[in-house]
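The values are calculated or read from the model by the stated rules, or taken from the named source; none is laboratory data. All of these numbers come straight from a predicted model, not from anything done at the bench. Virtual Cβ from ideal backbone geometry, glycine too; neighbours counted across all protein chains shown. With ligands, DNA and RNA removed, areas are computed over all heavy atoms of the protein, side chains included. Shrake-Rupley method; radii C 1.70, N 1.55, O 1.52, S 1.80 Å.
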Amino acid sequence: MYISNVFVFAVLTSLENMGFIANMVSLVLYFMYVMFFNYPNSANTVTNFMGSTFLLSLIGGFISDTFISRFTTSIIFGFIEVLGLALVTIQAYSKDLQPAYCGKPSCIHGSKAVMFYFSLGLLALGAGGVKGALPALGGDQFDHKDPKEAKALARYFNWLLLSTTLGACVGVTGIVYLTTEKHKWYWGFFISTVATFLGFTVLALGKPFYRLREPKMADSPIIRITQVIVVAINNSKLALPDSPDELYEIRKTENDFREEIISHTNQFRFLDKAAIVPKDSKTTPWTVCTVTQVEEVKILTRMLPILFSTVIMNTCLAQLQTFSVMQGNFMNRKIGNFNVPAASIPIIPLVFMSILVPIYEFFFVPFARKITKHPSGITQLQRVGVGLVLSAISMAIAGIVEVKRRDQAHRDIMKPISLFWLSFQYGIFGIADMFTLVGLLEFFYREAPIGMRSLSTSFTWLTLSFGYFLSTVFVNVINAITKRTSSSKQGWIHGLDLDSSHLNLFYWFLAILSCLNFLNYLYWASWYKYKTEEPDHSEPKAIDMTTEQLPVEEVPDPTETKGEDLSTRPLVAEEEPEHTEAKAKDLSTGPLLVEEGSTVDGGVTEVHEGPSSVQTEDSKQQPTS
C-alpha cells in the first residue's frame, strides 16, 4: 500500500505537477509578452485552457472506469501531455512560429495559430486525462475491507495535497524565474517536458507494486446510469411497491465485480421504478435494474448540488492565476538586489500549505477525532465549507489591496507598493484550497460507488473547470455591461492599462457572490445524506434479503440471531424433509431481526424493518399459514 503510493506521490511531487503549476501561473505573461494578447484576452485564454484541462479529466475518469485500468489510462494520457509540452516548447523556441506585435487584442493567425491551439489542446487533454485517473489509482491501493487501511485513506488525500504542493513550490520558483525574469520561455517549457516524462517513467516503474483493477464494459458508469434512467421512464406508469424489499436486487456473491451492495434510500423515489420486477418479461439490464444500481444513480445525483456549490470558489481561484499575477507585475518586486517574479508570489500560500498539511494531519485530526468520533476529524463537507468562507475573505482582501496599489500608482508611479501585499489574498486562499480540494477529493472518492470512483473523483476537477469557464463569462459580461453604464464608456477591466481599470470592483463582486454561494452550500450540505452512516441502535431492524430463493444451507443459524427468539421454531427440519418448503414460506413472513450490518467500505448497511422478500415458488402460491 505505502510503497505503491510512493510512486504516485513521486509522479505528482517534483515532476508532473512541477511543470503544470509553473505553466498555470506564468502562461498569462507568456500570452501577453510573447503571443501579444491584451489583458482580457490573455486572462480569458488562460482560464479557457485551464477549464478545458479540468473538464477533460472526465474523459480520463470514464475510460479508466470502463475500458482500461487507471494505471494504463495514466500512462497513455501522460504520453499525450509530454507531446503537448514538447510542441509548446518548440513554438516558444522558434521566433518564426511566434506572431509579430500588431496592437490588436490578438495577433496570432494562420499556421502559427493552428500550432498554438493544437499544442495547448494536446496539453489540456493529456493533463486532464491524468488527473481523472491518477488520484483514484492511489486510492485503490487501500483495502477498504481492512479498518486500518480504510482509515488511512483520509491520510492519503492529505499527503496527495502535500506532494502536489511541494512540486508546485519548485515550479513557481525555479521554472518561473527562468521564464519570466530571464525570458527563457522555451527553457521553462523544456524543463517541464523532461520532468513530466521522468515522472511518468517513475510511475511506470511502480507497476509491480500496484493493486490494479481491470474494469468491464458491462459495468460502464454511463451505461449503468443510462439503464436506470431508461427503465425508470419506461416504468413511470407503474406503482411503487409498499415495501422496498420487493424491489429487485441480486446476491452479493453474484455481484463480485461491483464488490458492494448499496442499501435502499427514500430520496428520488421515482428512480426506484427502475427496480420494479417485470411480471411478463425476462429480467434483463434494460428491463429491470438492481437496487444497488439505482442507488448509484441517486448517489451521483445527490453529489451534483455539492459540485455546483463549489464552482464560485474556483472562479475566485482563476483570478489569482491571472489578474493577481498582472497586479504583481506593476508592484515593487525587489528584495535587496533580487527581482522576485510576479508569477512566483503563489510560493507564499504553497509554503503555508506545506507547513499546515502536516500540522492538520498530525495534530488537528487526532484532536478533532476525539471530539467528533469521525475518522477524518471533521466530515468532508465541513472541510469544504471552511474553504468557501476563506475564499470569500480572500477576494474581499484582494479588492482592498488593489485599491491601495492603484492609488499609490496614481500618486507616484515610480514608487509602487511591495509585491508582498498580495501575500494576504494568496495566503488566505491557499488555506482555503487546502480545506476544499482535499475535502472534495475524499468526498467524491468515498461516496462514489466502487465502479465509478475515477469518474466521481473527476467531479473535483469539473468544479475547477466550471470555475475557470465562469471566470471568462464574468469578465466578458461585466465588461460589456460596464461599458454601457460607465461615463468613460470603458469596462471595469480593459486594454493594457491596469491602473485605469476597476479590478477592485470585480474582486468585490466575487466576494459578495461567494457569500451568497456559501448560504446555498449550507442548504445542500445539510440536505446531503452520506452513503454510510452510524446505525440506529434504538430499535432493531430487519435484514435486507434478496429476491432469490434462499438455499437451505444459507439459512442463518437461529442461535446467532438477535431480536425475536427463533430458537423454538426450526428453520430447517432435517428429520422432516417433506416440510422444508413450508418452513421457507414461514421465513418469508416472519421478521428476522438484527442490530446492524457492515458494508464493504466500513460503513453501516441501511436496513429496514418489515417482512423479508424471500419466497419460494410454492410460498407465493400458498396462503400464509
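For (1) over 26 Å from Thr66 (Cβ atoms); (2) open to solvent by less than 70 Å² (accessible area, probe 1.4 Å); (3) of a type outside the set (Lys, Arg); (4) outside any helix (DSSP H, G or I), each residue gets a yes or a no:
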| site | (1), (2), (3), (4) |
| --- | --- |
| Tyr156 | no, yes, yes, no |
| Ser163 | yes, yes, yes, no |
| Leu166 | yes, no, yes, no |
| Gly171 | yes, yes, yes, no |
| Phe190 | yes, no, yes, no |
| Gly199 | no, yes, yes, no |
| Ala204 | no, yes, yes, no |
| Arg211 | no, no, no, yes |
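Return yes when Phe429 is of a type in the set (Phe, Trp, Tyr), part of a helix (DSSP H, G or I) and open to solvent by 10 Å² or more (accessible area, probe 1.4 Å) and no when it is not. It is false that Phe429 is of a type in the set (Phe, Trp, Tyr), part of a helix (DSSP H, G or I) and open to solvent by 10 Å² or more (accessible area, probe 1.4 Å). Farther than 25 Å from Val340 by Cβ and among the acidic types (Asp, Glu): does that describe Glu402? Here the answer is no, as Glu402 does not meet what is asked. In segment 368-394, the residues that are touching a residue at least 24 places away in the same chain (Cβ under 8 Å) reach residues that are outside any helix (DSSP H, G or I) and open to solvent by 10 Å² or more (accessible area, probe 1.4 Å) with C-beta atoms within less than 7 angstrom, at least six apart or across chains, in these pairs: Leu381/Tyr528.
Scanning segment 433-442 for any residue that is assigned to a helix (DSSP H, G or I), open to solvent by 20 Å² or more (accessible area, probe 1.4 Å) and either assigned by the TED database to the domain that holds Gly129 or aromatic (Phe, Trp, Tyr) (or both) turns up at least one such residue.
Out of segment 475-522, which residues are closer than 23 Å to Tyr33 by Cβ and assigned to a helix (DSSP H, G or I)? Selection gives Val475, Asn476, Asn479, Leu498, Asp499, Ser500, Leu503, Phe506. Inspection of segment 245-254 identifies no residue that is farther than 17 Å from Thr292 by Cβ, modelled with pLDDT of 80 or more and part of a loop (DSSP other than H, G, I, E, B). Is at least one residue of segment 390-408 over 30 Å from Leu498 (Cα atoms), assigned to a helix (DSSP H, G or I), open to solvent by 10 Å² or more (accessible area, probe 1.4 Å) and assigned by the TED database to the domain that holds Leu356? Among the residues of segment 390-408, not one is over 30 Å from Leu498 (Cα atoms), assigned to a helix (DSSP H, G or I), open to solvent by 10 Å² or more (accessible area, probe 1.4 Å) and assigned by the TED database to the domain that holds Leu356, which makes the answer no. In summary, Trp421 fulfils each of the numbered conditions (1) more than 31 Å from the chain's Cα centre (by Cα); (2) more than 27 Å from Thr173 (Cα to Cα); (3) buried (at least 19 other Cβ atoms within 10 Å of the Cβ) with the single exception of condition (2).
Summed over segment 327-347, residues that are over 15 Å from Val401 (Cβ atoms), β-branched (Val, Ile, Thr) and touching a residue at least 60 places away in the same chain (Cβ under 8 Å) total 2. Just one of the numbered conditions (1) open to solvent by 10 Å² or more (accessible area, probe 1.4 Å); (2) in contact with a Leu (Cβ under 6 Å, 6 or more places away or on another chain) is not true of Phe363: (2).
Taking the conditions (1) in contact with a helix residue (DSSP H, G or I) (Cβ under 7 Å, 6 or more places away or on another chain); (2) under 28 Å from Thr292 (Cβ atoms) in turn, Ile450 satisfies each one other than (1). Between Lys373, Lys415, Lys334, the distinction of being at positive phi and among the charged types (D, E, K, R) belongs to Lys373 only.
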